[in-house]
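The values are calculated or read from the model by the stated rules, or taken from the named source; none is laboratory data. Predicted model, so just to flag it, every value in this text is computed and none were measured. We place every Cβ from the backbone using ideal geometry, glycine too, and count neighbours over all the protein chains shown.
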Amino acid sequence: MKEIRNFIDGEFAATGRWFDKLAPYDGKVIGRVAEAGRADVDAAVKAARAALLGPWGQLSVSDRVDLLYAVADEIERRFEDFVDAEMTDIGQPAHFIRHVDVPRGAANFKVFADVIKNVPGEFFEMATPDGRGSLNYSLRRPVGVVAVICPWNLPFLLMTWKLGPAMACGNTVVVKPSEETPQAAALLGEVMNAVGIPRGVFNVVHGFGPDAAGEFLTTHPQVGAITFTGETRTGAAIMKAAADGARPVSLEMGGKNAAIVFADCDMDAAIEGTLRSCFANCGQVCLGTERVYVERPIHDEFVARLKAAVEKLQPGLPADPSSGMGPLISQDHRHKVLSYYRKAVEEGATVVTGGGVPDMPDALRGGWWIQPTIWTGLPDAATVLREEIFGPCCHIAPFDTEEEVLLRANDNPYGLASAVWTGNLQRTHRVAAALEAGIVWVNSWFLRDLRTPFGGAKQSGIGREGGVHSLEFYTELKNVCIKL
Ligand code: NAD
Ligand code: 6OD
């Protein structure tokens, strides 16, 4: 039985209550997690503040960069420990975790170390009446203690996506992992100590959101900025908390992303890409596509081929190489996703495949397994076409013209990402520009260059992170004016 503790000022600590961590694939308790109370959160923020004013704040950029590279190297050395932590926390197939989640943990430190090392400065000379002039230059300073509030769906990838730039910019951090996925953050504490990150730079407080560790952290007056990934409703609550003290927020939130498949696409690539964009990580990817629009001449063939591909996805344990899909994260989440499965049918959907719970072997019956599901036949106003489900499901609808499909794709309160499948170059540019989304993938999905801006339009987010764009959030830009 594992014991997962808070990590405060370089030490693992547990002062109060504990809560259980269950494995999603069989529902059994795999460990207990120390819940941080208000005093623990306060201690973590104070440690972070002291490190900011102390050793971390005194480091040169190049020493900081070297340390971040050491963090990445240590993650790579302990790769299998992180794979194991993620497998047991989220229950997804090991090959997905090995290729997506854990490698990004290391890359997130290296890429932002490179960004901060290479960021250009600016300076201006100005004439003055005495003829001697003045020199202006800008400095990027840390924003302070950054609160990092994380979701459960890609725990290590999403947590380090915030930590890399925050630490590269010289900030110190207090991380609140999701209550569902505490393990990777705890392991990262060991990594930080092993490579000599000064104590207090990286802190972890475990626990829940409202009236618990999450809220204690986001309302703490010594937190200088809050970066959040999670549901739009939670993001709104965090924005309100940040208003007190006028603290900046970066919000990466929900989505109801559209995939658009034109008849001139490479059908094999579109099927393979849509299979991933709808069902990877059991549909628990914010960038996933739950609305699929297919041009009418290829609609029926597309539905038949995606159905055949989905029916080959075998549910299984993470370490089983034949596993094509893991379970949902929790009982509550399965309850929510199944309620949408019922709603789709009530509103008149044709269930092309799935729609319920698979029959699993006895040992796995306690897990939160669910069938991957495809629907057709619903109007665009149907509930499952408007609200984010965050499960392994999609609705496929035919369309006739580019103008029509753009109107339908954009008719949604979210605007995170889109996937477009087409062989027409002119159309690519027209459609990419017209889609109301922060990210448009063409003939691909979830292809990430970490130097590019990442974030959502409309209710999917506020702000952009990635490459130099992250500096806008994680640093204060200061102008120094010197009279010569
Ligand atoms: P969630 O909003 O329920 O929880 C996210 C985190 O916020 C958790 O750590 C939770 O404990 C904490 N929290 C909850 N209430 C809080 C409060 N009042 N104050 C402070 N902290 C609070 O989200 P989730 O269920 O963990 O994740 C799934 C959601 O995340 C989906 O909506 C998905 O689309 C979204 N997501 C978005 C992105 C993106 O990049 N846009 C990436 C991944 C996930
Ligand atoms: O790739 C990323 O940087 C990122 N933030 C991915 C988000 C995935 C959502 O589930």
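Here are the numbers:
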| read-out | value |
| --- | --- |
| Residues satisfying the stated conditions in region 221-233, i.e. within 11 Å of ligand 1 (Cβ to nearest atom) and surrounded by fewer than 22 Cβ atoms within 10 Å (Cβ to Cβ) | GLU231, THR232, ARG233 |
| Options GLY54, GLY37: the member that is farther than 17 Å from LEU163 by Cβ, of a type outside the set (Val, Ile, Thr), modelled with pLDDT under 95 and outside the structural domain of PRO318 (by TED's automatic domain parsing) | GLY54 |
| Residue under evaluation THR160, criteria (1) farther than 25 Å from PHE279 by Cβ; (2) buried (at least 23 other Cβ atoms within 10 Å of the Cβ); (3) more than 12 Å from ligand 1 (Cβ to nearest atom), criterion not met | (1) |
| Test: residue in region 190-206 that is in the same structural domain as GLU11 (by TED's automatic domain parsing), in a loop (DSSP other than H, G, I, E, B), among the hydrophobic types (A, V, I, L, M, F, W, C) and surrounded by fewer than 20 Cβ atoms within 10 Å (Cβ to Cβ) | no |
| Count - residues of region 277-303 that are within 13 Å of ligand 2 (Cβ to nearest atom), in a helix (DSSP H, G or I) and not small (Gly, Ala, Ser) | 2 |
| Residue that is touching a residue at least 24 places away in the same chain (Cβ under 8 Å), over 25 Å from GLU347 (Cβ atoms) and either assigned to a loop (DSSP other than H, G, I, E, B) or in contact with a helix residue (DSSP H, G or I) (Cβ under 7 Å, 6 or more places away or on another chain) (or both), where the choices are TRP445, TRP441 | TRP445 |
| Options GLY235, GLY214; residue that is modelled with pLDDT of 95 or more, on the phi < 0 side of the Ramachandran plot, in a helix (DSSP H, G or I) and within 16 Å of ligand 2 (Cβ to nearest atom) | GLY235 |
| Leading residue by the ranking (farthest from ligand 1 (Cβ to nearest atom)) among those in region 288-310 that are surrounded by fewer than 22 Cβ atoms within 10 Å (Cβ to Cβ) and touching a residue at least 40 places away in the same chain (Cβ under 8 Å) | ARG296 |
| Flag if ASN153 is in the same structural domain as LEU59 (by TED's automatic domain parsing), within 13 Å of ligand 1 (Cβ to nearest atom) and of a type in the set (S, T, N, Q) | yes |
| Residues satisfying the stated conditions in region 70-111, i.e. among the polar types (S, T, N, Q) and out of contact with any Lys or Arg (no Cβ under 9 Å at 6 or more places or on another chain) | GLN92 |
